[in-house]
Ligand SMILES: Nc1nc2c(ncn2[C@@H]2O[C@H](COP(=O)(O)OP(=O)(O)OP(=O)(O)O)[C@@H](O)[C@H]2O)c(=O)[nH]1
Ligand SMILES: [Mg+2]
């Protein structure tokens, strides 16, 4: 076999490397902490810890920036980032998108927390803005559901129930029964911090910064971009409208 042929035969075995996200498709990458139930167990308050949420938010900001994403959303141990359909980042290569989103996330979180963690990653593709709105509504509904469950479970545990008893008590209970159970223990679910029930959103906003131009010896205003972090997201229809507006912008 000639050198060139050998080279080509090896490259051909990098089979999945040619897989790309279809042109024009809306792409979302979702990373999720590996074994975070275990990682968080001794280190953070349950069911929610503001410091943990801040580490996730800081990490989401790094992802948003590194991938030039349109929007980032984080809840629990996961982060989703929305790429522009015209984005050509990493040639839209699936292996690159998945592996680099996971490694950027792991590096950023590890750096912020000072302890090594791992993340997995997956690719979601949608055909238009309506799919994207559905996707983020789905993740927000997941945040609300797991916040309610988490609060119930840990309220029972702190009340002296065993793992098994707490799990049993919640099996088959619907959302209103869970709300009621919390209320009996003095917790009003709807008054808990919004970031716990709805997750946190991050996106780019522009702002005007006044400055002085020494060359022209005059006052000037510069338009700058910064990351907006929203810990009080709207929910349901209002969130859908917010997302639709964000996606429609250029
Ligand atoms: N203590 C604490 N734990 C949290 C917080 N937010 C998320 N977690 C933990 O993160 C876990 C995330 O769930 P999963 O991703 O399904 O579980 P996992 O253990 O990470 O499992 P894999 O993702 O499959 O590796 C939750 O079960 C919680 O234990 C928090 O604010 N405080
Ligand atoms: Mg996880």
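Data for the structure
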{"quantity": "Selection status of residue 65, more than 16 Å from ligand 2 (Cβ to nearest atom), closer than 15 Å to residue 202 by Cβ and in contact with a strand residue (DSSP E or B) (Cβ under 8 Å, 6 or more places away or on another chain)", "calculated": "yes"}
{"quantity": "Residue that is nearest to residue 78 (Cα to Cα) [pool: residues in the stretch 127-140 that are free of Cβ contacts under 8 Å to residues at least 12 places away in the same chain and away from ligand 1 (no atom under 16 Å from the Cβ)]", "calculated": "134"}
{"quantity": "The stretch 35-62: number of residues that are over 14 Å from the mean Cα position of the chain (by Cα) and within 16 Å of ligand 2 (Cβ to nearest atom)", "calculated": "13"}
{"quantity": "Index of the failed condition, residue 124 passing every other in (1) farther than 18 Å from residue 72 by Cβ; (2) within 18 Å of the chain's Cα centre (by Cα)", "calculated": "(1)"}
{"quantity": "Qualifying positions in the stretch 196-233 - free of Cβ contacts under 8 Å to residues at least 24 places away in the same chain and not in a strand (DSSP E or B)", "calculated": "214, 215, 216, 217"}
{"quantity": "Helices (runs of 4 or more DSSP H) within the stretch 1-113 that include 3 or more residues within 16 Å of ligand 1 (Cβ to nearest atom)", "calculated": "36-41, 50-66, 94-113"}
{"quantity": "Residue count, the stretch 88-126 (criterion: touching a residue at least 60 places away in the same chain (Cβ under 8 Å), out of contact with any strand residue (DSSP E or B) (no Cβ under 7 Å at 6 or more places or on another chain) and within 26 Å of residue 248 (Cα to Cα))", "calculated": "0"}
{"quantity": "Hits in the stretch 158-195 - residues which are assigned to a helix (DSSP H, G or I) and in contact (Cβ under 8 Å) with a residue 12 or more places away in the chain", "calculated": "166, 167, 169, 170, 175, 178, 179, 181, 182, 189, 194, 195"}
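Each row is one residue, and each column tells you yes or no for (1) exposed (fewer than 10 other Cβ atoms within 10 Å of the Cβ); (2) within 22 Å of residue 44 (Cβ to Cβ); (3) touching a helix residue (DSSP H, G or I) at 6+ places or on another chain (Cβ under 6 Å).
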site	(1), (2), (3)
156	no, yes, yes
165	no, no, no
170	no, yes, yes
175	no, no, no
194	no, yes, no
199	no, yes, yes
218	yes, no, no
223	yes, no, no
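Throughout, read-outs are computed from the coordinates displayed, never taken from laboratory work. Worth saying up front: this structure is predicted, and the values here are computed from it rather than measured. Quick reminder, even Gly has a Cβ in these numbers, built from the backbone with ideal geometry, and neighbours come from all protein chains shown.
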